[in-house]
Amino acid sequence: MAPATTALNLVQVLTAMRNFGVGVNVRRSVWRNPGCYWRVTRIKPSPRAPYRYGKVWGVLHWNGRQVGEETQIGGVAKRQWMLDVDQPEGVSLRTLLEPRTPTPKPSEEAAAEEMTS
C-alpha cells in the first residue's frame with residue numbers, strides 16, 4: 001500500500017492565499033537548487049473544482065535568472081508544490097496567509113442596518 005501524502009498541488013497552494021497567490025514565488029519540492037522557482041502572474045481556477053484544479057501562469061526563474069516571459073506552468077496537478085523561501089520584495093506571506101473575511105451579502109447589510117436603527 002502506498003504511503004499517505006499531505007502534499008498539495010499548485011492550485012491548492014495558491015487558492016489558500018489572498019489574491020490567489022498572484023505575485024508569490026512557488027517551487028516544486030524536487031527542485032533543490034536555490035533560485036529556481038516560478039513567480040505566479042495569474043490563475044484561472046476550474047469551474048468544476050475551483051479549489052483543486054485549474055490553470056496557472058507565471059515567469060520561470062532558474063538559478064536566479066529569469067527564463068523567458070509569462071507562460072503556462074506545467075505539472076500544476078502534481079502534489080509537489082510549495083512556497084519558496086525567498087519571496088519578492090513587498091510580499092508578506094503573513095498577510096497572504098491570513099484567513100479571508102467573508103464579505104456580507106446585501107441582504108445581511110440591510111438587516112444589520114435595520115437592527116441598529
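For region 50-63, a residue qualifies if it is more than 17 Å from residue 7 (Cβ to Cβ) and surrounded by 15 or more Cβ atoms within 10 Å (Cβ to Cβ), and the qualifying residues are 54, 57, 58, 59, 60, 61. A count restricted to region 72-92 and to residues that are of a type in the set (Asp, Glu) and not in a loop (DSSP other than H, G, I, E, B) stands at 0. Looking only at residues in region 29-49 that are in contact with a Lys or Arg (Cβ under 8 Å, 6 or more places away or on another chain) and surrounded by 15 or more Cβ atoms within 10 Å (Cβ to Cβ), the one that is farthest from residue 77 (Cα to Cα) is 36.
Read the figures in this text as sums done on the coordinates, not as results from a lab. Everything numeric here is computed off the predicted structure, so don't read it as measured data. Cβ atoms come from the backbone with ideal geometry, glycine included; neighbour counts cover every protein chain shown.
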